[in-house]
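What follows is one structure encoded as structure tokens, with my remarks underneath.
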Amino acid sequence: MSQPTVYSPSPEFVRNANVQGMEGYLELYRRAEQNPEEFWGEVAGQEIHWFEKWSHVLEWQPPFARWFVGAKINASYNCLDRHIATHRKNKVAILWEGEPGEQRFITYQELHRLVSRFASVLKNRGYQTGDRAIIYMPMIPELPIAMLACARLGIIHSVVFGGFSSEALKARVQDLGASVVITADGGYRRGKEVKLKPAVDEAMAECPSVRDVIVYRRTGSEITMQAGRDLWWHELDATASEDCPAVPLDSEHPLFVLYTSGTTGKPKGILHTTGGYLTQTTASMKWIFDLKDEDTYWCSADIGWVTGHTYIVYGPLSAGATTVIYEGSPDYPQFDRWWRIVEKYRVNTLYTSPTAIRALLRQGEQWPKMHDLSSLRLLGSVGEPINPAAWEWYHRVIGKARCPIVDTWWQTETGSTMIAPMPGAVPQKPGSGTLPLPGVVPDIVDLNGKEVGPEREGFLIIRRPWPGMIRTIWGDPERFKEQYWSRVPGAYFTGDAARRDHDGYYWVLGRVDDVMNVSGHRLSTMEVESALVRHPAVAEAAVVGKPHEITGQAVCCFVTLKQGDFNRDQLGKDLRQWVAHEIGTFARPEEIRFTEALPKTRSGKIMRRLLREIVTTNTVSGDVTTLEDLSVVTRLASQHDED
Ligand code: PRX
């Protein structure tokens, strides 16, 4: 294997960095390793405001952890109130640009006012600590405002990505037993309105737990408001009080539940609590983004995913940063939109996904070249492995060979970044997340839980509890134990394969389970299969991820049909649309292949490994002796371009 190029930060970057040089990193890492509780206690004391301090840092009854036991905290207070008592009072907290071009510069003081008003609205409607709210909104400031208002009162929020369908929304409202839904008429994407309210209306028919649907007017388009259930945000806001103090909550009070795909058809509600999550989120913000008070920081993710929770809302605001939020798509009205934003606001840090980088790379260098990107000093990548070619392009064309790139490995479950280079300390290798952050103890093991040597592929696990870790799966502690803690005793199982090189650098290779990663969005094969078999024409379905040049993976479905006369062209289109309706447009399959039968083992399990091989190489090798019907495989392999 050829040796990857190593990129070291410039001496100037190191000199100004929050953590300087390898020695700086190693010193922190060792301290955390030797005495993790003391280390995290120190970090929590420095980075976070506590109404009352903890009696002890960690209570660990595997796999259940409690961090900062007995302490009192409020996340909204940490993101707002503590800053308005400082020089940050009139600093821009949220710098927003709508897709049609509107701008809003919301200072910390103003954000505090807006959040307090909306928290008062919720309080006046009778919502209180422990209630659950679903937030289904476009990328407008009212989305973080709703989150912070919930957090202010201890209402547990669950943000549902605006690209999810009414079916997905309904499942989440029901699982969470939410009593309020906060939404908008719609938002803008690619020059068109994406309506949200009709999906809410459809879902509400089967959501008896919901008392109120609060609707923010973003686009002003025609929507239906149901009397007795639907309320306009602006009408409630008109009489709202600005005095709504943050409620001191237990450190382990749930902050949010975020649904993500697992290996079954049912999404898992990942539960995060307050004290530990906020501590690690705030610290990692400063470590990986080398955050400075004067930075303009932009994470291009959607707030509906964990990246947006941690690195658009809670991390930057808790750290007192200016966080840029852009509502729309990178290619509207043309492919230089992002670079235009960087130039206009003099963005210093850009954090995005390999899929976005590849999509922009494909459009050519002329787009970034149209703009002055000299304000950038740091770049980040998240969500999926980044291929070295995309890394190099990002580094050369966007970062002008000047900006370190932080490739950050983490998951919805981990809460914040676990493996990433501290940019002024750790030299980067394209495609590697490099080294674990302080307090994170990963390992790579074989099937028996035994550590594998350097350069060997194995399962990525985390050996020690960390403050921002998932606490449980909402309503399903058994699944939590089984999914994450049953494979390697005492350790957290990430579901990723990885190897460690001779320098101890981690290279995450991808999922080892039936989870696909499409454009950095997690999607379970089973979720798509369950959606497909709900269609009246479908008998059976098997879904696999197919390598894709831009999105990393694409959804490829093998489908057997019930008896009947079907127009396959039309049905292929219908099924794609069906999946988009059942889950969301981002899950729309790239390919539907109709087949007579699916390859199965004698016990009836679909052999996805074979299907993966077919879509990857269009050939089949390896052990197929357990197949029920070998001819099926050959037929599948030979018809790859039919659809
Ligand atoms: O497979 C890993 C991949 O994304 C998974 C987590 O997905 P999700 O919970 O949706 O969170 C995405 C954003 C944090 C991981 O199990 N993944 C995430 N970041 C990287 C990555 N794979 C390689 N390199 C990364 N930097």
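The values are calculated or read from the model by the stated rules, or taken from the named source; none is laboratory data. Predicted model only: the values in this text are computed from it and were never measured. FYI the Cβ positions are ideal-geometry reconstructions off the backbone, even for glycines, and counts take in every protein chain you see.
Just for the range 376-393: of the residues that are part of a loop (DSSP other than H, G, I, E, B) and within 9 Å of the ligand (Cβ to nearest atom), which one is nearest to Leu361 (Cα to Cα)? Among those residues, the one meeting the criterion is Ile386. Taking the conditions exactly as written (among the polar types (S, T, N, Q) and at pLDDT below 95), does Gln46 satisfy them or not? No; evaluated as a whole, the condition is false for this residue. Does Thr274 meet the test of being in contact (Cβ under 8 Å) with a residue 12 or more places away in the chain, surrounded by fewer than 22 Cβ atoms within 10 Å (Cβ to Cβ) and either under 18 Å from the mean Cα position of the chain (by Cα) or away from the ligand (no atom under 16 Å from the Cβ) (or both)? No. Just one of (1) surrounded by fewer than 21 Cβ atoms within 10 Å (Cβ to Cβ); (2) among the polar types (S, T, N, Q); (3) within 16 Å of the ligand (Cβ to nearest atom) fails for Gln366. It is (3). A Cβ distance below 7 Å, combined with a sequence gap of six or more or placement on separate chains, defines the contacts here; from the range 160-178, residues that are surrounded by fewer than 21 Cβ atoms within 10 Å (Cβ to Cβ) reach residues that are part of a loop (DSSP other than H, G, I, E, B) and of a type in the set (S, T, N, Q) in the pairs Gly177/Ser209.
Of the strands (runs of 3 or more DSSP E) entirely within the range 457-539, those holding at least 1 residues that are away from the ligand (no atom under 12 Å from the Cβ) occupy 457-462, 492-500. For the range 116-128, the criterion of being of a type outside the set (S, T, N, Q), surrounded by fewer than 24 Cβ atoms within 10 Å (Cβ to Cβ), within 28 Å of Ser261 (Cβ to Cβ) and touching a residue at least 12 places away in the same chain (Cβ under 8 Å) is met by no residue. Among the conditions (1) out of contact with any Ser or Thr (no Cβ under 7 Å at 6 or more places or on another chain); (2) in a loop (DSSP other than H, G, I, E, B), the only one that Glu242 does not satisfy is (1). Candidates in the range 374-388 are the residues that are more than 16 Å from the chain's Cα centre (by Cα) and farther than 15 Å from Tyr7 by Cβ; of these, the one that is surrounded by the fewest Cβ atoms within 10 Å (Cβ to Cβ) is Ser374. Glu482 meets all of the listed conditions (1) in contact (Cβ under 8 Å) with a residue 12 or more places away in the chain; (2) out of contact with any Asp or Glu (no Cβ under 8 Å at 6 or more places or on another chain) but one, namely (1). Of all the residues in the range 432-452, those that are outside any strand (DSSP E or B) and either surrounded by fewer than 20 Cβ atoms within 10 Å (Cβ to Cβ) or charged (D, E, K, R) (or both) number 7.
Residues that are among the hydroxyl-bearing types (Ser, Thr, Tyr), in a helix (DSSP H, G or I) and surrounded by fewer than 23 Cβ atoms within 10 Å (Cβ to Cβ) do not occur anywhere in the range 332-344.
Among the conditions (1) more than 16 Å from the ligand (Cβ to nearest atom); (2) among the hydrophobic types (A, V, I, L, M, F, W, C); (3) assigned to a loop (DSSP other than H, G, I, E, B); (4) in contact with a His (Cβ under 8 Å, 6 or more places away or on another chain), the only one that Leu373 does not satisfy is (4). Here are Gly220, Gly228: which of them is over 30 Å from the mean Cα position of the chain (by Cα) and either free of Cβ contacts under 8 Å to residues at least 40 places away in the same chain or at positive phi (or both)? Result: Gly228 is the single residue among Gly220, Gly228 that is over 30 Å from the mean Cα position of the chain (by Cα) and either free of Cβ contacts under 8 Å to residues at least 40 places away in the same chain or at positive phi (or both). I'd like the full set of residues that are without any contact (Cβ under 8 Å) to a residue 60 or more places away in the chain and more than 18 Å from Asp290 (Cβ to Cβ), limited to the range 402-413. The answer is none; no residue qualifies.
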